[in-house]
Amino acid sequence: MAFVTALRRLAHVRLREYSWRTAAVTSGAWLTSQRSFTSSSPSLRSDNKVTINFVNRDGEKITVKGSPGDSLLDIVINEDLDFDGFGACEGTLACSTCHLIFDEDTYKSLGPVTDEEMDMLDLAYGLTDTSRLGCQICLTKSLEGVVARVPESVADIRQSKDESS
Amino acid sequence: MASLSHFTTACWKNLQGDRMNKQLFFILRALHKSAASEASGISAAGEEAMPDRLITPVADVGEKTRIMTLKEMPGPSTLSNLVEFIWRDGFSRIHEIQMEHRKKFGKIFKSRFGPQLVVSVADRDLVAEVLRAEGVAPQRANMESWKEYRDMIGSSTGLISAEGEDWLKMRSVLRQLIMRPRDVAVFSDDVNKVVDDLIKRVCILRTQEPDGATVHNVNDLFFKYAMEGVAAILYESRLGCLENEIPQETQDYITALHLMFSSFKTTMYAGAIPKWLRPVIPKPWEEFCLSWDGLFKFSRLHVDKRLAEIEAQLERGEDVKGGLLTHLLINKEMTMEEIYANLTEMLLAGVDTTSFTLSWASYLLARHPRVQQQIFMEVKRTLGPGAVATADDVPRLPLIRGLVKETLRLFPVLPGNGRITQDDLVVGGYFIPKGTQLALCHYSTSFEEENFADASDFRPDRWIRKDSTDRVDNFGSIPFGYGIRSCIGKRVAELEMHLALTRLIQKFQICMCPRTADVKAKTHGLLCPAAPIHLQFIDREI
């Protein structure tokens, strides 16, 4: 553990300077990914915020605001919206639990879908033609007032329910 | 990528041994396991013990509402299983047995391996139900022996061997680094340098043959490629696997890795022998430890090397630049022991898995020249002559993506994955108590006609979408798993395979070597070629 101690001692002095960001900037992508999960920074003026309307599984409309650049998953997390099981893999494209459904016009305006998102959408429960993954949709001003419906929950096979129901 | 930790682990632990030891071992394991099974809730009693409330019909589902018990679940008898696995070496045919049992017993069936009950789920929709019902920290199989070794040497568990909160903590760190496609795309140049060496190696190897074209046992080549590739990303350094002279430390690692797999039959049941019996039957546990010693030593060496470099850079007041390991060392979201353990496990899991898939993909291309030509035309058209593809080009190469998907459908590296249920579940109409070992039968669902038309045909174009709303309900083939405990190296492995296959197809016409006939698959922990694959690599005319 001598190495660790040595590094810690050294790193302690210059910790801020040599924070992970140095590495992240160099390799390009981690800064972006990290940002999407620390996006609650209040740096953007409130008039820049975009209004989003989520419709939860009970059909209830929840209106929140988010900053341009945030993903819809970020907003669900930042606003602490209680959609059971939503965003299990933290936006790393390993599941499809942040599945959202849009109306057709909105869907068309959401921009291209990557292959990896399509592959994950294939595994989404209650898939529709206008489904997308919330983690892949970044807010822009043009999405002001967007409606995103959280699809019905998976038939829960836990405990006492019959799976065939 | 979790190479060893699928459900067969549980089976191996119970039964696998060289022929001499089989029966003795079986009995020993039975003795040992009975206590452990009770602790984890897998008990014979579990089959009958069903809470009364569950017997009551669920009101809204009409007639066929009675939830059945495990006791009513069909499956091979304990005796026939014993014969199958012990006298007929069923472990190497575990993928075929999966298919046979699916036909015979249906979508869900139970098998007994000594005291260990395994419920096999062999249906796309039921697999989907199980995976969708997962909680925050799914458990794959019993990893006691892995943990024991780590406790013994004072190390940490890694993503394969850890469970619960420990696992979740490490997974949360690592997935933010190597799971998003865009985070992995930055490794294109590093991987392409390894692909350069792969191509050079092919050229060197074939000159050693009289026909000037054949590469013997391509898996040996792809093993080195995969190891070099994954190490370039994990350790930020090159190992020299594809050089003529392999450095000693790298060779030592390869030896340790081979020991781990070649002595699979002994090492995998190392943890199964109760501690008090180890003085009498010491070999399995010793080999198990010896392999791990070698694997850990290698990781420590490379992690410490990078740490020393960073330290020197800091002393000189320089900017520290780097990738995955640098991030982990500087950011300190994990302890040093956790870093060692995870890099060890990720390297282990990222070598054979990728190399077997590349071997099968090349084999399938050689067997199907017309498909190969179709893919070559796509690559040529898209990239133009001589251009080197990066991750950014892959979306424009749908047949390359299709090739990898189709290869993994026909030869899923993990023919089955495991889950230990974290809740009481009802699957396929049966009550399955918490703590039951499930086997998700990916191999058999991959070959279901209902899921894939002409399922035994090799057709990479079946994965091509007409447009972005064209869907393939592909729970039938999920070689990397699904969800929070799916393969963390999926995107890295895909990148390595996409870039290597694109370049191989660009450069060579891959043909069957007259000496290679039909190569079948066998299960040896992973689904691997049952015989060496020799292929010819003939230069394409530019």
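Obtain the nm distance between the two label points defined at B:Asp423 and B:Lys275 by a simple spin-label model: each point lies 7 Å from its Cα along the Cα-to-C-beta direction.
3.5
Just want the answer: with Cβ charges of +1 for Lys and Arg and -1 for Asp and Glu, which residue in B:Thr445, B:Gln509, B:His498 is farthest toward the dipole's positive end in the stretch B:426-542?
Highest projection toward the positive end goes to B:His498.
Quickly rank B:314-324, B:129-139, A:81-91 as a protection proxy: mean count of other C-beta atoms within 10 Å, highest first.
In descending order of packing, they fall as B:129-139, A:81-91, B:314-324.
Return the distance in nm (one decimal) between the two label points of a simple spin-label model at B:Lys466 and B:Glu148, each offset 7 Å from Cα along Cα→Cβ.
5.7
With a Förster radius of 30 Å, plug the Cβ-Cβ distance of B:Leu290 and B:Ala530 into 1/(1 + (r/R0)^6) and report the FRET value to the nearest 0.05.
0.65
What Rg and what Dmax come out for chain B when only alpha-carbon atoms are used, in angstroms?
Radius of gyration, then largest Cα-Cα span, for chain B: 23.6, 77 Å.
Just to confirm the number: angle between the C-alpha axis of helix B:398-410 and the first principal axis of chain B, 0 to 90 degrees, nearest 10?
Roughly 40 degrees, rounded to the nearest 10.
What does the charge dipole of the stretch B:393-542 about its Cα centre add up to, to the nearest 20 debye, if the Cβ of each Lys and Arg holds +1 and the Cβ of each Asp and Glu holds -1?
440
Given the pairs B:Lys283/B:Lys434; B:Lys405/B:Lys507; B:Lys193/B:Lys321; B:Lys169/B:Lys283, which span a C-alpha to C-alpha distance of over 24 angstrom in this model?
Cα-Cα > 24 Å for B:Lys283/B:Lys434; B:Lys169/B:Lys283; rest within.
What is the helix-to-structure angle for B:369-383, meaning the angle in degrees between its Cα long axis and the longest Cα principal axis of chain B, kept from 0 to 90 and rounded to the nearest 10?
60
Using only Cα atoms and rounding to the nearest 10 degrees, what angle (0 to 90) does helix B:490-507 make with the longest principal axis of chain B?
Long axis of B:490-507 versus the principal axis of chain B: about 40 degrees.
R0 = 25 Å: FRET efficiency of B:Thr65 with A:Arg158, Cβ-based, nearest 0.05?
That gives a FRET efficiency of 0.90.
Taking H as built 1.01 Å from N, whose amide H comes closer than 5 Å to the amide H of B:Gly418, not counting residues under 5 places away?
HN-HN under 5 Å from B:Gly418: B:Phe7, B:Leu440.
Compute the separation of the alpha-carbon centres of the stretch B:343-388 and the stretch A:102-122 and state it in Å as a whole number.
28
What dipole magnitude, in Debye to the nearest 20, does chain B give about its Cα centre under +1 on Lys/Arg Cβ and -1 on Asp/Glu Cβ?
Dipole size: approximately 1020 debye.
Apply 1/(1 + (r/R0)^6) to the Cβ-Cβ distance of B:Ile538 and B:Glu249, taking R0 = 41 Å, and write down the FRET efficiency to the nearest 0.05.
Plugging the Cβ-Cβ distance into 1/(1 + (r/R0)^6) gives 0.70.
Since every read-out is calculated from the coordinates, none of them should be taken as a lab result. This is a predicted model, so every value here is computed, not measured. All Cβ positions, even for glycine, are placed from backbone atoms using ideal geometry, and neighbour counts span all protein chains on display.
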